[in-house]
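Everything on this sheet refers to the single structure shown next.
The values are calculated or read from the model by the stated rules, or taken from the named source; none is laboratory data. Keep in mind that this is a model prediction, so the values were computed, not measured. Because the Cβ atoms are built from the backbone with ideal geometry, glycine has one as well, and the counts that use them run over all protein chains shown. To get the accessible areas, we keep the full protein, side chains included, count just its heavy atoms, and leave off ligands, DNA and RNA. Shrake-Rupley method; radii C 1.70, N 1.55, O 1.52, S 1.80 Å.
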Amino acid sequence: MRCWLKIEEMALEELMQRLNAVSQCADEIMHQDIIPLYAADIQDQLKKQFAYLSGGRGGDGCPVITFPDYPAFSEIPEKEFQNVLTYLTSIPSLRDAGIGFILVIDRRQDKWTSVKASILRIAASFPGNLQLVLVLRPTGFFHRALSDIAFRFNKDELKMKVPIIMLGSVSELQGYIDKTQLTEDLGGTLDYCHNRWLSRRTAIEGFAQKVKQTAQILQSFGTELAETELPNDVQSTSSLLATHTEKKDKMKEDIRVAVEQGDDILGSITKPVTENPDYKLNQDQLDNQTTVERLLAQLHETETAFDEFWVKHQQKLEQCLRLRNFEQNFREVKAALDIVSERLSAFTDVGNSRSHVEHILKDLANFKEKSDETVRKAKMLASERDAFIQSNHYAVDSIIPKCSELHHLCDAFTTETERRRKLLNKSLELHDLLEKSMKWCDEGIYLLASQPVDKCQSQDGAESALQEIEKFLDTGAGNKIKELNKIYEEYAHILNEDLKDHVQKVFQKQEGMEEMFQKRQVSLKKLAAKQTRPVQPVAPRPEAFVKSPCTSPGLQRENVSNSESSALRRVNYRKGKSEMTELHQSRGGSTMDDEENLAVLRQHVMNELIETERAYVEELLCVLEGYAAEMDNPLMAHLIPPELQNKKDILFGNMEEIYHFHNRIFLRELETYVEYPELVGRCFLDQMEDFQIYEKYCQNKPRSESLWRQFSDSVFFQECQRKLDHKLSLDSYLLKPVQRITKYQLLLKEMLKYSKNCEGAEDLQEALTSILGILKAVNDSMHQIAITGYDGNLNELGKLLMQGSFSVWTDHKKGHTKVKDLARFKPMQRHLFLHEKAVLFCKKREENGEGYEKAPSYSYKHSLNMAAVGITENVKGDAKKFEIWYNAREEVYIVQAPTPEVKATWVNEIRKVLTSQLQACREASQHRTLEQTQSLPLPLPASSCASPSRNHIRNTKKMEEKKADLTSLEGCGTTVAPKYPEKGKGWAKPSHSLDASEENDGWSSAEEPLNSSDAEEEGGGGAGEIKLTPGKYTVVTDYDKGVSEEFTVKSGDLVQLIREGEDGLWFVKNLSSGREGWIPANNLLMLIGNSKSAQSLSSSESGTASSNLSTSSSCSDSCNVSSTSFSDIKG
């Protein structure tokens, strides 16, 4: 760098010297160093032509200055006279001027007095050397004679340094000066034009000034270039180079113009010779030619000096720009290498399954593919070192270390990438071994489970089973883990705690399976060795299975934390299992084998649950990293259509939230139950609230699919799919969460099927019910969001309980007669939405399109406040109809369900809502009663319309307090009386607040008693007591006060009345929970309500009905509603 600065200083100094020499030479050529006077300055004075330099020469080459006849000669100011003489004497060369000038004074037309004055003035003012003065005296006779006489007498007065010769004619003048050197007015042949001479003289002097100014400007420009500091960034350096280049080009243009100017002047001087080769230039013209040629030579010297300096300066700027580009590229490449190195350091996970490792390897390969471009750029930049050295770059000392650093970073990145790849390949090798072992174990378990128990009772069957087992065990050589310590030693560098635990669990599973084989072999060998008479094999009856001790009354669920509960269940499980084993040993081999098969099947379902959960998590991660993250990748931004940008949340919904829940919480919890599959229901129950996130995802699914359909052909999605090596497009993976949430209920059903006599059966049933509830809520919510035209906030109506399509007839008291008549025969197709606080009537409108775009919408028509709604459960003539009436039957809606089961489900759900409202009102009333009196109820106003059986209800209340203490249901109206109400009696609830209801009886209008909804059609049925009969019934309210403390029922449970005992007690079995107990008959009447459908269910029908009631109440309807229903996508 210092060397370069020194070279630049030397180049500038040389330029300054050469340009100074040009300026001085220009002055010398034009004699400006002696007399700095230009023709342009005295142009007006020269135009008077009282004296001129014609270019003629004397015999010895003396320049001739002519003073033509000028009448106003005496009037010329002295300053002008001096300037003209000084300028004319400065034009000839110094050599010619040194010889002396010949003055020709033409006074032929003048007087002697004027001649004398002119000679005296010239003699006094002439600045140069004089050789001879020739005076043409006046031609007039008088003045001529006078001049002769006067000249003789005044000779001494006119005496000058040179002789003065008085000539009488032009011919005498030609005796002194050759005719060719005299102008035409003096009788000569010399071609002279004063205006032409003046113009040419001005041009030559202007050209000389141009040459000098150009040299001076180049001096200043060179100094400016040399003193400019080099910028530190590419843009400034590039801008500086462009600016300097622009200025240089302008300077070069000025020089070109000056050269053209000189060439034009030179051409005008030599033009006569060019036109006429015989033409001879006079001395003055030759001097002008020489002057212009010398000036052009100086101008070329100026241009050459500047060009040489510019080459060096341009080289410096270009090297500076190259350096700045290198430094900028170095910073960018180094930053990119730092980023890829940091990302590479994040590849610390060795995977928890084969698919996970393969996914990480694929990610690593994709990452390396993307990073190769960065490494290539870094290596290419580092390879520029040799080019800098060869070009003698001034900053090569700072460039070499940076190139070396880039080489080091590239090598380190490549080495680390290869190391990570080898670790993952090693992990893949380990997971292959583990999967082989697990697959071998699963095949072994399947083999044990598939061996028929009855066939193994014979000697031949036992021997055949033994051969199958031995043949299978022979396949374990290449599949099972042989020594655990060797595995730990060989894979020590990739074994983390989780992977180590996984290896240990697989090994334990392998040992457990081998132990099962050994026990089976021992049993089979004993059977094969027996030589007894053949025994007819009989398959064990299900009743013969010994129940787990956990089903005894003493083992009830405690309110403990999740971890304590899980630990307690596992202890009870082990205890029960040991007791079961002892019982099995006493029962014989067949029962033991059946229990063993059930355990194998449970384990198989558990394995499927965990493996599919892992695969699901991997698929979510793959979508989030391979698609969602790529939408934020700047390198992929050019592939994303503008309309798709910033719409990642619409396309993927809350998939990331779902992934984090399953990856961080649910999958890990599931893996803790791998050895206790029958307890996995608790895992679902603990995380049930988190499963609500699927509702948000499913609600967004229509928007997501609509967006996907618009851009499914986008190059961006195709590129992402190519990188992920997916055979299916993104929409298939966006459907995974919907498919997964529907898959759980199938797995839970399977697990419950094989765990009915185990400890966790109750939790499994509860988990299954909860999952089905979530599916129903999600399905209902997806219909709810399609409601249009409702002005209020749907969330204010409370939880959505049911939804479905019905045929509806209207029968309003206030309507026109014809409208009423027509309404009974013309049903309307309405989609009903039952909320906690209102029921909405909507009209279903099908939409055109595909997929989710074909989902229907629901136009809001009207709604009924549940506080003023009543129901009539049965409508005469149709088992699928029921009534919903409003404000004491001012508005009546006859609703026809698709099936009787759907009707029963809706009636039960509406009954629950009304019952809960009724209980809330009763509890509030009871609270106020207890504040006023401890024994008597608050007397009702005379204006209130009490139910016909109100006194009977009070008596019933006292009886219930004595027998069963059912205080939670006291005063519930006829629906909870020990006798059934009249046939078709309905339910109602006031539309006013609690305070207002006390003034108007609070339960129905004065015109319509609470239970008279069917009085018009039935004509008043019998009110006698209905006798209970064995059968299946649906519970309408919760109950936990049975004779046996462990026996409870909940609203919606299906119960079976088995037999009647003493003291009015009935032995009842809860078919939903499997528990049994004794309930008083009067309480039982309140529990099963007055629903005719509940009474009339035969044993053959009850199975279908209970199945329908235990699942989503809208399933049978929603399956045909729209493509957004879960029933369409469960597969």
Next item on the list: Among what's in segment 274-320 and is part of a helix (DSSP H, G or I) and among the basic types (Lys, Arg), pick the residue that is farthest from Ser220 (Cα to Cα).
Entry: Arg294
Check: Do any strands (runs of 3 or more DSSP E) entirely within segment 46-144 hold 3 or more residues that are open to solvent by 40 Å² or more (accessible area, probe 1.4 Å) and of a type outside the set (Val, Ile, Thr), and if so, which?
Finding: none
Item checked: Among (1) at pLDDT below 65; (2) surrounded by 14 or more Cβ atoms within 10 Å (Cβ to Cβ); (3) assigned to a helix (DSSP H, G or I) - the single one Lys6 does not satisfy -> (2)
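Have a look at Lys480, Lys436 and point out the one that is in contact with a Phe, Trp or Tyr (Cβ under 9 Å, 6 or more places away or on another chain), in contact (Cβ under 8 Å) with a residue 24 or more places away in the chain, at negative phi and not acidic (Asp, Glu).
Working: Lys436 fails: in contact with a Phe, Trp or Tyr (Cβ under 9 Å, 6 or more places away or on another chain).
Criteria check complete, one pass: Lys480.
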Item checked: Conditions (1) modelled with pLDDT of 90 or more; (2) farther than 30 Å from Ala637 by Cβ: number failed by Leu734 -> (2)
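For segment 365-379, which residues satisfy the criterion of being charged (D, E, K, R) and open to solvent by less than 70 Å² (accessible area, probe 1.4 Å)? Outline the logic, then answer.
First, pick out the residues of segment 365-379 that are charged (D, E, K, R): 368-370, 372-373, 376-377, 379.
Answer for segment 365-379, where residues must be charged (D, E, K, R) and open to solvent by less than 70 Å² (accessible area, probe 1.4 Å): just Asp372.
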Margin query: Looking only at segment 728-740, filter to residues that are without any contact (Cβ under 8 Å) to a residue 60 or more places away in the chain and assigned to a helix (DSSP H, G or I); which one of those is most open to solvent (accessible area, probe 1.4 Å)?
Written below: Asp731
Next item on the list: Considering each of Leu620, Leu644, Leu624, Leu639 in turn, give the residue that is over 14 Å from the mean Cα position of the chain (by Cα) and touching a residue at least 24 places away in the same chain (Cβ under 8 Å).
Entry: Leu620
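Residue by residue, here is whether (1) hydrophobic (A, V, I, L, M, F, W, C); (2) out of contact with any Pro (no Cβ under 7 Å at 6 or more places or on another chain); (3) modelled with pLDDT under 85 holds:
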{"residue": "Lys252", "(1), (2), (3)": "no, yes, no"}
{"residue": "Asp263", "(1), (2), (3)": "no, yes, no"}
{"residue": "Leu266", "(1), (2), (3)": "yes, yes, no"}
{"residue": "Thr290", "(1), (2), (3)": "no, yes, no"}
{"residue": "Lys312", "(1), (2), (3)": "no, yes, yes"}
Check: Under the condition of being in contact (Cβ under 8 Å) with a residue 12 or more places away in the chain and farther than 20 Å from Asn425 by Cα, which residue from segment 485-505 is surrounded by the most Cβ atoms within 10 Å (Cβ to Cβ)?
Finding: Lys505
Check: Within segment 704-720, which residues are open to solvent by 40 Å² or more (accessible area, probe 1.4 Å), touching a residue at least 60 places away in the same chain (Cβ under 8 Å) and over 17 Å from the mean Cα position of the chain (by Cα)?
Finding: Arg709, Gln710
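So, Lys749, is that one in contact with a helix residue (DSSP H, G or I) (Cβ under 9 Å, 6 or more places away or on another chain), closer than 30 Å to Glu909 by Cα and open to solvent by 40 Å² or more (accessible area, probe 1.4 Å) or not? Talk me through it step by step, then tell me what you get.
Values: in contact with a helix residue (DSSP H, G or I) (Cβ under 9 Å, 6 or more places away or on another chain): yes; closer than 30 Å to Glu909 by Cα: yes; open to solvent by 40 Å² or more (accessible area, probe 1.4 Å): yes.
When the stated conditions are applied, Lys749 passes them.
Filter segment 752-802 down to the residues that are part of a loop (DSSP other than H, G, I, E, B) and basic (Lys, Arg), then identify the one that is least open to solvent (accessible area, probe 1.4 Å).
Taking segment 752-802 first, the residues part of a loop (DSSP other than H, G, I, E, B) are 754-760, 785-786, 789-793, 798-799.
When the remaining residues are screened for being basic (Lys, Arg), the result is 756, 799.
Working: Lys756: 146, Lys799: 126 Å².
So the residue we want is Lys799.
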Check: Of all the residues that make up segment 186-199, how many are exposed (fewer than 14 other Cβ atoms within 10 Å of the Cβ) and either part of a loop (DSSP other than H, G, I, E, B) or touching a Phe, Trp or Tyr at 6+ places or on another chain (Cβ under 9 Å) (or both)?
Finding: 3
Checklist line | Set Ala346, Ala382: member being exposed (fewer than 15 other Cβ atoms within 10 Å of the Cβ) and without any contact (Cβ under 8 Å) to a residue 40 or more places away in the chain | finding: Ala346
Note to self: Looking at (1) of a type outside the set (D, E, K, R); (2) over 30 Å from Gly512 (Cα atoms); (3) open to solvent by 20 Å² or more (accessible area, probe 1.4 Å); (4) part of a helix (DSSP H, G or I), which one does Asn646 not meet, given that it meets all the others?
What the structure shows: (4)
Next item on the list: Considering only residues that are closer than 21 Å to Gln603 by Cα, of a type outside the set (D, E, K, R) and open to solvent by 30 Å² or more (accessible area, probe 1.4 Å), look in segment 656-684 and name the one that is farthest from the chain's Cα centre (by Cα).
Entry: Val674
Notebook entry, point to check: Going by the structure shown, is Lys362 open to solvent by 50 Å² or more (accessible area, probe 1.4 Å) and within 30 Å of Ala615 (Cβ to Cβ)?
Noted result: yes
